[in-house]
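See structure below.
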Amino acid sequence: MTETQPTTPAAQPGGSSSPSLENLLHETRAFPPSAEFAAQANAGADLYAAAQADRLGFWAQQANDLITWQTPFTETLDWSGAPVARWFADGKLNAAYNAVDRHVEAGHGDRVAFHFEGEPGDTRTVTYAELQREVSRAANALTALGVTSGDRVVVYLPMLVESVVAMLACARIGAPHSVVFGGFSADALRSRIADAGAKVVVTADGGYRKGGASALKPAVDEALAPKEGAPATTVEHVLVVRRTEQEVAWTEGRDVWWHDIVDSASDQHEPVWVEAEHPLFILYTSGTTGKPKGILHTTGGYLTQAAYTHRYVFDLKPESDVYWCTADIGWVTGHSYIVYGPLTNGATQVLYEGTPDTPHKGRWWELVQKYSVTIFYTAPTAIRACMKWGDDIPASFDLSSLRVLGSVGEPINPEAWMWYREHIGGGSVPIVDTWWQTETGAIMISPLPGVTATKPGSAQVALPGISAEVVDDEARAVPNGSGGYLVLTEPWPSMLRGIWGDLERYQETYWSRYEGLYFAGDGAKKDEDGDIWLLGRVDDVMNVSGHRLSTTEIESALVSNEIVAEAAVVGAADETTGQAVVAFVILRGEHADRASSDDGAAAVQTELRNHVAKEIGPIAKPKRILVVPELPKTRSGKIMRRLLRDIAEDRQVGDATTLADSTVMDKIAAGLKAPA
Ligand code: 6R9
């Protein structure tokens, strides 16, 4: 085996080229784990030592401890084809067998795999033994539809047990799945089906969202309909789950009901043993421009790191924990932390179909109470929404079962972190802020809840076995107290193996900025202790009068003011300063109408500008602050700053089709036409 990457040299004293970022986060709070938590934790400090002493040996041990191999591997890493890694390449396994069957074989067939809760309140409990039978039936049904190892299957479903079953059935027969988020349009679905060359699409008549039945099948019909200029579809069959009992159009010969062919299929199925580098799934993720990238993940390394991170970052005890990740399976978080990580570890989970505010804004906390959820994993945008709805809502439920809280998806501002800890975690539950990407496959940077003294707003340290660094423009590690770009300096088991059908783009996107280093596209800062603070995508890092400022940092400052509920900051082109800071803020309920008069708006502006000056420094003062009713977000909750930048630079607003709510930009524009 070969490893060609040098370890990045230790921090050097600040040279003239090191970015100046002395202004960030004078956040000094730290919360060490309690002695009780540390004493029972899966991970101790020795995990770091073990990985440090022998990194590849450490990963080989994780792969052997956490995964069942049909044929054991003898080689841990082959990096000779860099940047395409091969991990555990001569081993054979099956991901679905690892996620389901082996738990039944070990005598845990009666353990609940899923407590499913539909949005209308219907429930279903699925044990591991039932999951094994259901996955086997679905695998037999897909085989009957002509799917064989290597064929691609697109999964376009709401959050149902069948969604997990469909993914595992694909894995069981060696057919890579490509899950497309149910909120995506027919056009988005069409291009993903075409790019993946899918043979079968699994969908449903519809799902329940925000109190009503929302249709899915029509989007599939539209995506598969002949279209001028588009290639003929490769799809032979559409497998349809009945959920809402809405009327659906039916194409005879192509469309098949799930209950017709899955329910009647045999519940015995021999998994297809695949090589460790056999493709497990393709997941499309949007780049900053152009066509979405099909991120390719393979089996052995991905499963190893998904299981490893889930076990240690969340301190999972499969016999006693009830784990709930609120992500949708359409995103990588749902893949790694609902399907592959937790099931491989034999966890019991809550699976919820709907939105957090249906039928009331306490729905999530009601479910935590109902199922005595112990580990809860969600996104900062959801936490901030809950903050906005008020403290009294979570306070009216018993959340005392919770013992670990997680955050993922974007930097979490210290105020939201503190709120999460106080109001959801009862002031004592450890929070793990987990940094990773679709491309990394699994968590890379995160505290370990029994080891790390956590800091509000920081993902802090690379996990044992992972090597991350913050570098300057010349690829030199920045000294503590400075900012730069986040890179990963060694290959890791769950790394992407490329972009589907476009190896060159893989090389160019991630490996061309710095020789031999994976460029994550995120800005980051090392604090005086060397802990890593993520600052948002690099295209969100502003340069104002030569000072490097982070959108996140200023957003955090704004949200720490009591009148602000949520804030988004962009850098707008500015003649004198290069870029100028423009902030969009949503005021908290009680303060919402303060900006409705000109005088009021001016007073709010002054108050917030002074507040930012006090929190960070005068350089960070927003040049303009616009009070808006809502912010434009993607369906996964990320703020689309590009659209806000269009407004800030007085341009026609660009393509807004990937917004969760396409009317938001109109609402913002309507508000701004009033005299500012
Ligand atoms: C898992 C996921 C990846 C991008 C990533 C970064 C941001 C995710 C974060 C975080 C700060 C965290 N991000 N987790 N930023 N702190 N804990 O979200 O994957 O959808 O591919 O997004 O999300 O900017 O580069 P993905």
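The values are calculated or read from the model by the stated rules, or taken from the named source; none is laboratory data. If you're wondering where the values come from, they're calculated on a predicted model, not measured in any experiment. In this analysis, Cβ positions are derived from the backbone assuming ideal geometry, glycine residues included, and neighbour counts consider all displayed protein chains. All accessible areas refer to the heavy atoms of the entire protein, side chains included, with ligands and DNA or RNA removed. Shrake-Rupley method; radii C 1.70, N 1.55, O 1.52, S 1.80 Å.
Structural remarks
- Any hit, segment 638-645, residues being in a loop (DSSP other than H, G, I, E, B), closer than 17 Å to GLN579 by Cα and open to solvent by less than 30 Å² (accessible area, probe 1.4 Å): no
- Residue match in segment 361-373 (condition: in contact (Cβ under 8 Å) with a residue 60 or more places away in the chain, farther than 17 Å from THR438 by Cβ and open to solvent by less than 20 Å² (accessible area, probe 1.4 Å)): yes
- Unmet criterion (only one of (1) surrounded by fewer than 24 Cβ atoms within 10 Å (Cβ to Cβ); (2) assigned to a helix (DSSP H, G or I)) for ASP315: (2)
- For segment 358-417, filtered to residues that are of a type in the set (Lys, Arg) and touching a strand residue (DSSP E or B) at 6+ places or on another chain (Cβ under 9 Å), the residue that is farthest from LEU534 (Cα to Cα) is LYS370.
- Exactly one residue among LYS361, LYS370 is away from the ligand (no atom under 16 Å from the Cβ), in contact with a helix residue (DSSP H, G or I) (Cβ under 6 Å, 6 or more places away or on another chain) and of a type in the set (Lys, Arg), and that residue is LYS361.
- Segment 400-422: number of residues that are among the small types (Gly, Ala, Ser) and more than 13 Å from the ligand (Cβ to nearest atom): 2
- Taking residues in segment 621-642 that are modelled with pLDDT under 90 and hydrophobic (A, V, I, L, M, F, W, C), and partners anywhere that are open to solvent by less than 20 Å² (accessible area, probe 1.4 Å) and within 16 Å of the ligand (Cβ to nearest atom), the pairs with Cβ atoms closer than 6 Å and at least 6 places apart or on different chains are ILE639/ALA568.
- Helices (runs of 4 or more DSSP H) fully within segment 1-95 counting 3 or more residues that are modelled with pLDDT of 95 or more and over 21 Å from LYS455 (Cα atoms): 46-53, 55-66
- Qualifying residue in segment 441-448 (condition: surrounded by fewer than 23 Cβ atoms within 10 Å (Cβ to Cβ) and β-branched (Val, Ile, Thr)): no
- Residues satisfying the stated conditions in segment 326-345, i.e. more than 17 Å from VAL161 (Cβ to Cβ), within 13 Å of the ligand (Cβ to nearest atom) and not hydroxyl-bearing (Ser, Thr, Tyr): TRP331, VAL332, GLY341
- Flag if GLY483 is away from the ligand (no atom under 16 Å from the Cβ) and among the small types (Gly, Ala, Ser): no
- Test: residue in segment 336-346 that is assigned to a strand (DSSP E or B) and either open to solvent by less than 20 Å² (accessible area, probe 1.4 Å) or of a type in the set (Asp, Glu) (or both): no
Matching residues to (1) more than 30 Å from ILE67 (Cα to Cα); (2) buried (at least 21 other Cβ atoms within 10 Å of the Cβ); (3) not polar (S, T, N, Q):
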{"position": "GLY182", "(1), (2), (3)": "yes, yes, yes"}
{"position": "SER191", "(1), (2), (3)": "yes, no, no"}
{"position": "ARG209", "(1), (2), (3)": "yes, no, yes"}
{"position": "THR234", "(1), (2), (3)": "yes, no, no"}
{"position": "SER266", "(1), (2), (3)": "no, no, no"}
{"position": "VAL274", "(1), (2), (3)": "no, yes, yes"}
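- Residue match in segment 611-619 (condition: in a loop (DSSP other than H, G, I, E, B) and farther than 16 Å from THR551 by Cβ): no
- Some residue of segment 540-550 being open to solvent by 10 Å² or more (accessible area, probe 1.4 Å), within 15 Å of the ligand (Cβ to nearest atom) and touching a residue at least 12 places away in the same chain (Cβ under 8 Å): yes
- Here is the figure for segment 93-132: residues that are surrounded by fewer than 19 Cβ atoms within 10 Å (Cβ to Cβ), touching a residue at least 40 places away in the same chain (Cβ under 8 Å) and among the charged types (D, E, K, R) total 1.
- The listed residue being farther than 19 Å from ARG133 by Cβ, out of contact with any strand residue (DSSP E or B) (no Cβ under 9 Å at 6 or more places or on another chain) and β-branched (Val, Ile, Thr), out of THR251, THR244, THR234: THR234
- When MET418 is tested against the conditions (1) farther than 18 Å from ASP315 by Cα; (2) open to solvent by 10 Å² or more (accessible area, probe 1.4 Å); (3) within 17 Å of the chain's Cα centre (by Cα), the lone failure is (3).
- Near pairs, Cβ below 6 angstrom, 6+ apart or cross-chain, from segment 655-676 (crowded, with 16+ Cβ neighbours inside 10 Å) to any residue that is modelled with pLDDT of 75 or more and acidic (Asp, Glu): VAL664/GLU630
- Options PRO493, PRO411, PRO394; residue that is farther than 22 Å from LYS525 by Cα and touching a Ser or Thr at 6+ places or on another chain (Cβ under 6 Å): PRO493
- Segment 420-445 residues that are farther than 16 Å from LEU463 by Cβ, paired with ones that are within 9 Å of the ligand (Cβ to nearest atom) and open to solvent by 20 Å² or more (accessible area, probe 1.4 Å) (beta carbon under 7 Å, 6 or more apart): THR438/THR285
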